[in-house]
1. Per 0.36 nm of contour for each residue apart, how much would the distance between Asp184 and Ala26 grow if the chain were fully extended, relative to their Cα-Cα spacing?
2. Can you give the alpha-carbon Rg of segment 130-170 over 2.2 N^0.38 Å, where N counts its residues?
3. Tally up the carbon and sulfur contribution to the accessible surface of segment 1-76 as a whole percent, 1.4 Å probe, everything protein left in place.
4. In sequence order, what are the phi-derived ³J(HN,Hα) couplings for segment 276-286 according to the Karplus relation 6.51 cos²θ - 1.76 cosθ + 1.60 with θ = phi - 60°, rounded to whole Hz, with x for glycine and proline?
5. How big is the accessible area of His152 in square angstrom, nearest 10, if you roll a 1.4 angstrom probe over the protein chains?
6. Rounded to the nearest 10 Å², what accessible area does Trp223 have for a 1.4 Å probe in the complete protein model?
7. For q = 0.09, 0.10, 0.17, 0.19 Å⁻¹, what log10 I(q)/I(0) does segment 163-304 give under the Debye formula with an equal point scatterer on each alpha carbon and no solvent?
8. Please compute, for the alpha-carbon atoms of segment 1-45, the extent along each of the three principal axes and give them in descending order in Å.
Amino acid sequence: MESDLIGQVRSFNRTVTQRAGALNDAFLSRGRPLGQARVLWEIGPAGRDVRLLRSRLDLDSGYLSRLLRSLENDGLVAVEQSQADGRVRTAHLTARGLAERAELDQRSDEVATSILEPLSARQRTRLVAAMAEVERLLAASTVQVAVTEPRHPDARACLQAYFSELSHRFDGGFDPARSISADDGELTPPVGLLLVATLHGEPVGCGALKFHGGAPAEIKRMWVAPAARGLGLGRRLLAELEAHAAAWGVRTLRLETNRALVEAIGLYRAAGYREVPAFNDEPYAHHWFERTLDHGPAGPSAQA
């Protein structure tokens, strides 16, 4: 990584933490550090599962427990075990916690106003637009992509959402039983694999490969959650599938898609896939694509 890029990121981080008041032990002059204030805000009026809170904030479980304990000691938060499942704990704001959160909201608005107020209208527009772009890119950098067992709950959630979206977007709906199969066994090494993308611990995308010995491999189950679109995740999933395929000795990748999926068609064409005659009898397909990969080193199975 280029040192000038790293230096610019560090400079940006220093400016933001100072301007936002994150350097002070008493964030927003409320006598508590930024970490506690952020946890209060994330719990919100409806409360939040502690496990989801940890994923959302990317915090170590021990550190989050200490933050919650401090807030409990101050009478701002109550943490309770679920009666249905003792392993599940939920954090709720007390009446004092709700009042403290409202005060933090008001003071945060005042800080935001103090940042914008000295600027001209044009500068404010530029700053807010730049902040939105930085937020999107930081979210993109937070996404994690990993090979995942198809029976894992994150994989199940992605595949169910994928099927549901196809049912809404395809003329006449979508029935997985009518489509060419890509079942759990076919998406498990060494005959295939499934990638799942997560953002703050929540599944937001997937993509799969099916290997066929010395024949071209297939890309299947490409999907990105609506909330994660615009982060470049589709292209990243495609690139990682290509990298995995090359590592397994694959020379050619193929895929088919439906005419309703115009975003996917645009993605494949932009990534160098060329349209070819139909190579299978997929009933939901209108377009078939193929790409020859740069042949990388053979991976665990050079037979793909």
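The values are calculated or read from the model by the stated rules, or taken from the named source; none is laboratory data. Everything quoted here is computed from the prediction, not taken from an experiment. Please note: Cβ atoms are built from the backbone with ideal geometry, for glycine as well, and neighbour counts cover all protein chains shown. Note: areas computed on protein heavy atoms with side chains; ligands, DNA, RNA excluded. Shrake-Rupley method; radii C 1.70, N 1.55, O 1.52, S 1.80 Å.
1. Difference between extended and current length: 51.8 nm.
2. Values: Rg = 14.6 Å, N = 41, 2.2 N^0.38 = 9.0 Å.
Relative to the 2.2 N^0.38 Å estimate, segment 130-170 comes out at 1.62.
3. 50
4. 10, x, 4, 10, 8, 10, 4, x, 9, 8, 10
5. 80
6. Accessible area, nearest 10 Å²: 30 Å².
7. Treating every Cα as an identical point scatterer, log10 I(q)/I(0) equals -0.26, -0.32, -0.98, -1.25.
8. Principal-axis extents of segment 1-45 (Cα, largest first): 43, 21, 11 Å.
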